[in-house]
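The values are calculated or read from the model by the stated rules, or taken from the named source; none is laboratory data. Treat the numbers as computed from the prediction; the structure is a model and nothing was measured. Cβ: placed from backbone, ideal geometry, glycine included. Neighbour counts: every protein chain shown. Surface areas here come from the heavy atoms of the whole protein model, side chains and all, with no ligands, DNA or RNA. Shrake-Rupley method; radii C 1.70, N 1.55, O 1.52, S 1.80 Å.
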Amino acid sequence: MPLIPKSHPRIKSLLIREKLVKGFDNGLVAKEGLLAQGRGEAFDYLLGEKTGRAAMNAIKAAAAQLLLAKTPVISVNGNIAALCPRQIVRLSKQVKAKLEVNLFYADEKRKRAIIRILKKNGANKILGSSASSSRELSGIDSARRIVDKDGIFVADVVVVPLEDGDRTMALRNAGKTVITFDLNPLSRTSHTADITIVDNVTRSIDLLISDCGKLSEKTQKDLQKIVDNFDNRKNLRDNVMQIKNNLTRRAKIA
Ligand code: PTJ
């Protein structure tokens, strides 16, 4: 008998949680990563556990921005490696983005496990493990400041899923365009990034891959128009309204 019956009404959420627990057991996820997942789950619940219109708009803008990028990099942490390694590798190939492992809770053993899982899912080269090519981002004290000279250090666009506010700010200050996935529309990261996808990364990563495919035939001018028409502040407000409307509806039926 499986521990989580298929008939459970919250099966999807419980299976995502299982991925994190398995990722922790396999040395990919930091202990704190389990807590981050819990925080994300709470916001996901308030958002209605679906990809809303605001998130769809952010996904489209992110796809356009990635297709316009010259030197894009996807930053991979423990939670992402556990939740969606196959999709992250697929996205990197689709938009020719480099992959770089960058951890908040620095741990060489965990970094090696993350590199292994990315390779198992088809990645050829993963940056972030060579001491000789490391450089420091200024403006942050955490281990996230250590980046690769051929990756995040020279990137024009950086995708930082489940990020902390300090590095998002440091990346912005270094002149980079930042795309993030963050279920919390109130977080510092959400407000500091150029494009914030307020959605569970496990849902929106496939939609981002799909939008990158759909937009790949567009001209640079058309792609730039999509990016220019996107307003992150407004999009975050729309996400907060989505939560407010959900709560209002629930308050009526509670
Ligand atoms: O592997 P490491 O050492 O780099 O550490 C990674 C974590 C995630 C532990 C680290 O970056 C961290 O402490 O993150 P936070 O600040 O706890 O979480 C970042 C944001 O991610 C929070 O606002 C959460 O709501 C959000 N979040 C959590 N799970 C998801 C999520 N957003 C989208 N999809 C999720 N599945």
**Message:** For segment 97-120 and segment 126-143, what is the centre-to-centre distance using only Cα atoms, to the nearest Å?
**Reply:** 13
**Fill in**
If amide H atoms are modeled at 1.01 Å from N in the peptide plane, then the residues at a separation of 5 or more from Leu137, or on another chain, having amide H under 5 Å from its own are Ile146, Val147
**Request:** Enumerate the calculated ³J(HN,Hα) couplings along segment 5-19 in order (Karplus 6.51 cos²θ - 1.76 cosθ + 1.60, θ = phi - 60°), each rounded to whole Hz, writing x wherever the residue is Gly or Pro.
**Result:** x, 4, 7, 4, x, 10, 4, 4, 5, 5, 5, 5, 4, 4, 4
**Prompt:** For Ser130, what is the net charge nearby, where nearby means another residue's Cβ is under 10 Å from its Cβ and Lys, Arg count +1, Asp, Glu -1?
**Reply:** -1
**Request:** Take the solvent-accessible surface of the protein heavy atoms, probe 1.4 Å, and return the percent of it on the chain that carbon and sulfur atoms account for.
**Result:** 53
**Residue-count net charge about Val240 - beta-carbon cut-off 12 Å; Lys, Arg +1, Asp, Glu -1** = +3
**Message:** Heavy atoms of the protein only, probe of 1.4 Å, neighbouring chains included. What is the accessible area of Ile88 in Å², nearest 10?
**Reply:** 0
**Asked** What number comes out for the charge environment of Gly40, summing +1 per Lys or Arg and -1 per Asp or Glu over other residues with Cβ under 14 Å away?
**Response** -3
**Asked** Stretch Gln220-Met56 to full length: gain in nm at 0.36 nm per residue minus the Cα-Cα span?
**Response** 57.0 nm
**Prompt:** Can you list the residues, at least 5 places off or on another chain, whose amide H is less than 5 Å from the amide H of Asp182, using H built in the peptide plane?
**Reply:** Ile197, Val198, Asp199
**Complete:** Amide H proximity to Ser129 below 5 Å, modelled H, separation 5+ or other chain, gives none
**Request:** Might you tell me the accessible area per residue for segment 53-239, computed with a 1.4 Å probe and given in Å²?
**Result:** 45
**Request:** May I ask you to derive the FRET efficiency for Arg86 and Lys252 from their Cβ-Cβ distance with R0 = 35 Å, giving the value to the nearest 0.05?
**Result:** 0.30
**Asked** From the backbone phi of segment 140-156, what are the Karplus-calculated ³J(HN,Hα) couplings (6.51 cos²θ - 1.76 cosθ + 1.60, θ = phi - 60°) in whole Hz, Gly and Pro given as x?
**Response** 9, 9, 6, 4, 5, 5, 7, 10, 8, 5, 9, x, 4, 4, 10, 5, 8
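Please arrange Ile146, Ile16 by accessible surface area, largest first, computed with a 1.4 Å probe and ligands excluded. Write down the numbers at each step before the final one.
Numbers: Ile146 65, Ile16 35 Å².
The ordering from most to least exposed comes out as Ile146, Ile16.
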**Message:** If each residue of separation counts as 0.36 nm, what is the full-extension length gain between Glu32 and Lys120 once their alpha-carbon separation is subtracted?
**Reply:** 29.2 nm
**Asked** Using θ = phi - 60° and the Karplus curve 6.51 cos²θ - 1.76 cosθ + 1.60, what whole-Hz ³J(HN,Hα) does each residue of segment 112-129 get, with Gly and Pro shown as x?
**Response** 5, 5, 5, 4, 4, 5, 5, 5, 4, 9, x, 6, 8, 10, 10, 8, x, 10
**Fill in**
In this structure, the FRET efficiency calculated for Leu14 and Glu108 from their beta-carbon separation, with R0 = 41 Å, to the nearest 0.05, is 0.80
